[in-house]
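Written below as C-alpha cells is the structure these notes are about.
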Amino acid sequence: DAGVTQSPTHLIKTRGQQVTLRCSPKSGHDTVSWYQQALGQGPQFIFQYYEEEERQRGNFPDRFSGHQFPNYSSELNVNALLLGDSALYLCASSPLGPDSTHGYTFGSGTRLTVV
Amino acid sequence: AQTVTQSQPEMSVQEAETVTLSCTYDTSESDYYLFWYKQPPSRQMILVIRQEAYKQQNATENRFSVNFQKAAKSFSLKISDSQLGDAAMYFCAYSDYNTDKLIFGTGTRLQVFP
C-alpha cells in the first residue's frame, strides 16, 4: 500500500519564479494538507483541501495557492518566490471525519531551495 | 492562539536506557489532541503516540509512553529501552478537537549512543 507520494524530492528555483509541488494521498484518504518546515523549525500549516476546495488556511500570503483534483491528489503553487520560501514542504493526507487527525500520513517532502 | 513549546533542542541517551522529552502547550480549549511525531533523516513525519485530552489515562505504545498533565499543560514523552533506531527529531504537536490542523513545537533532536 503506497503511502503519501510527493514530487519532486528536491527543487532549486530562482527568486521571483513560480513553483508547483505535487502530492498523491494515501489510498483511501480524501483530505490533503500542506505544511512548510523551515530549517531547524517545526512544520507550519499552510492549508487543507477536501472535496476540491480549500477547507482551512494557515497564516500564509496569497502567493501560496493550491488545488485538489477529483482523484484527491493535490498541488501546491507558490508565486513570486522569495529566499525565505526555501524550506521542506510536507504533504499529509487523512480520511475526513472525527478521527481524521489520528489518520494523518505524511510524505517525505519536497526540499525547495530558492536562490 | 495555541502554542507548543519544546525547551530541549537536543537530548542524548545510552542504548537500552530511558529518556524523557518535554513539551508544554497553551490553549483555552478543553477538548483537543496531543501528538508526538518522529522525523528521521528520511524526512517523513511518523506518528509515535496520540493522546486525547478528555482521557485521563496516559497513552502508551510499546516502549513509548506519555505523561499528560492537563492542568499543567504538559505532555512529555518517555522512551524506554532506547534503541539506535530511535535517533531522530521528535516533534510535539497539538490539534483542536474540531480541526485536524496540527501546531508543532520546534523539535528535540535525540541522539542514541551505543
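Below, the figures for the structure above:
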| item | result |
| --- | --- |
| Calculated diffusion of chain A, Stokes-Einstein form, Kirkwood radius summed over Cα pairs, 10 °C and 1.306 mPa s, µm²/s | 113 µm²/s |
| Which of A:P43, A:S94, A:Q18, positive extreme of dipole for chain A (C-beta unit charges) | A:Q18 |
| Shielding by other protein chains, A:43-55, mean Cβ within 10 Å | 2 |
| Size of charge dipole - the protein assembly as shown - debye, nearest 20, with Cβ of Lys, Arg +1 and Asp, Glu -1, no other charges | 540 debye |
| Relative contact order of the range A:17-93, pairs being alpha-carbon contacts under 8 Å that are 6 or more residues apart, as % | 41 percent |
| Student exercise, chain B dipole from Lys, Arg, Asp, Glu Cβ charges, in Debye to nearest 20 | 60 debye |
| Test item: B:45-58 mean partner chain Cβ contacts at 10 Å | 2 |
| For the protein assembly as shown, radius of gyration divided by Kirkwood radius, i.e. Rg to Rh on alpha-carbons | 0.97 |
| Peptide B:98-108 - average C-beta neighbours from other chains (10 Å radius) | 6 |
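Bear in mind these aren't lab numbers, they're just calculated from the coordinates by the rules spelled out. Predicted, not measured: the structure shown is a model, and the values here were computed from it. Cβ sites come from the backbone with ideal geometry, for glycine too, and all protein chains shown count toward neighbours.
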